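The values are calculated or read from the model by the stated rules, or taken from the named source; none is laboratory data. Only a predicted model underlies this, so the values are computations on that prediction, with no experimental measurement involved. Note: ideal-geometry Cβ built from the backbone for every residue, glycine included; neighbour counts use all protein chains shown. Quick note on the areas: whole protein, heavy atoms, side chains included, nothing else; ligands and nucleic acids left out. Shrake-Rupley method; radii C 1.70, N 1.55, O 1.52, S 1.80 Å.
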Amino acid sequence: MNIILKEENYLDHLFATYPDAKFKKGKTIIGQKIGANFFYCIYIGESFFVVTATSTATFDFYDSFKRDISELLNLDIKENLFTFRILLTLNEKIDDQYTITERKFKTSKLLLTDFNKKNTRDFMSHQKTDN
């Protein structure tokens with residue numbers, strides 16, 4: 001069992017799951033619902049994004065899906081004292097129809113990872129320059 005989630009381990013999982021795609025460090029953030037026994041690793045690349053459910057206790061990965069980046073309509077991140085608030089707005093295909101959905105996360109900064117604070121702040125700095 002791992003005591004810290006390393007981005008390398010997640011990227012290894014992505015390489016094994018999606019061998020035709022290219023992944024690089026610095027593109028992963030965490031979406032967490034406080035109190036849940038899992039969280040989401042969210043990889044945002046140039047042409048696609050991947051969301052992977054991850055066990056809070058063991059950092060095992062399961063239930064991953066990959067989508068075209070055009071389905072990610074908006075990524076809004078706010079930083080509070082102890083958490084990052086993340087809002088993903090997606091154009092999801094549900095029952096053969098596209099529906100706009102919002103996924104809200106409140107991710108603890110204390111989550112044991114080697115990448116979450118840095119990567120999330122990097123995404124926030126791009127967010128400020130894009131607007």
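Applying both filters, DSSP loop and at most 15 other Cβ atoms within 10 Å, to the GluC sites (Glu not before Pro) of the range 22-131 gives E46. Averaged over its residues, the range 1-67 has an accessible area of 54 Å² per residue, based on protein heavy atoms and a 1.4 Å probe.
Counting only helical runs of four or more DSSP H residues, what would the 222 nm mean residue ellipticity of the chain come to if each run contributes -39,500 (n - 2.57) and the total is spread over all its residues?
Here the helix-only value at 222 nm equals -6500 deg cm²/dmol.
Tell me whether the range 27-131 comes out rounded, prolate or oblate; compute the Cα gyration tensor, take square roots of the eigenvalues as a ≥ b ≥ c, and use a/c under 1.5 as the rounded threshold. Oblate, because a/c is 1.5 or more while a/b does not exceed b/c. Residues of the chain were split at every exposed loop site, defined as trypsin sites (Lys or Arg not before Pro) in a DSSP loop with at most 16 other C-beta atoms within 10 angstrom, and the longest piece left, sites excluded, is 34-108.
Considering only protein heavy atoms and a probe of 1.4 Å, how much of the accessible area of the range 37-131 is carbon and sulfur, as a whole percent? Present the calculation step by step, with values, prior to reporting the outcome.
Values: 2850 of 5660 Å².
Accessible surface attributable to carbon and sulfur in the range 37-131 totals 50 percent.
Hey, got the dipole for the chain? About the Cα centre, +1 on K and R Cβ, -1 on D and E Cβ, debye to the nearest 20?
Details: 19 positive and 18 negative charges, 125 e Å.
It works out to roughly 600 debye.
Spin-label model, D68 to L81: label points 7 Å out along the Cα-to-beta-carbon direction sit 4.5 nm apart. When only Cα pairs below 8 angstrom with a gap of at least 6 residues are kept, the chain shows a relative contact order of 23 percent.
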